[in-house]
Amino acid sequence: MQEKNLKNDKTVKTDHNIILENRKSMTISGITDVDSFDEKAVCLYTQLGELTIQGKELHIDSMSVETGNMTVTGDIWAIVYGDKERKSPVGVLGRLFR
């Protein structure tokens, strides 16, 4: 299911999907924002809320802001969903009152 945003015709929303191959390569769709990333964790936001990928030697191989797709490689240990209502990063004040 695809739907165009009326405010900006370049933004296309797609369903949120994850394809994990041999715990070494992951393709994700439906990403709205990336909060942080390093070799041990990738924290991002999807249309369905927060998502954290944990592992070792993680790398973001590709990411498209227009389509909301991302490819992550490395030794993937965990895929953790967080708050379903949070679909974008919280500001500094929001983090203080969490």
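Can you tell me which residue is modelled with the highest pLDDT among those in region 66-98 that are of a type in the set (A, V, I, L, M, F, W, C) and over 17 Å from Met26 (Cα atoms)?
Of the residues in region 66-98, the ones of a type in the set (A, V, I, L, M, F, W, C) are 70, 72, 76-80, 90, 92-93, 96-97.
Among the residues that remain, those that are also over 17 Å from Met26 (Cα atoms) are: 90, 92-93, 96-97.
Values: Val90: 56, Val92: 43, Leu93: 43, Leu96: 47, Phe97: 49.
Residue satisfying both the conditions and the ranking: Val90.
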Within region 35-85, take every residue that is aromatic (Phe, Trp, Tyr) and surrounded by fewer than 15 Cβ atoms within 10 Å (Cβ to Cβ) and give me the one that is farthest from Asn17 (Cα to Cα). Trp77
Give me a count of the residues in region 32-55 that are under 16 Å from Lys84 (Cβ atoms) and of a type outside the set (Ser, Thr, Tyr). 9
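The values are calculated or read from the model by the stated rules, or taken from the named source; none is laboratory data. The model shown is predicted, which means the values in this text are computed figures rather than measured ones. Note that each Cβ is placed from the backbone with ideal geometry, even for glycine, and that neighbours are counted across all protein chains shown.
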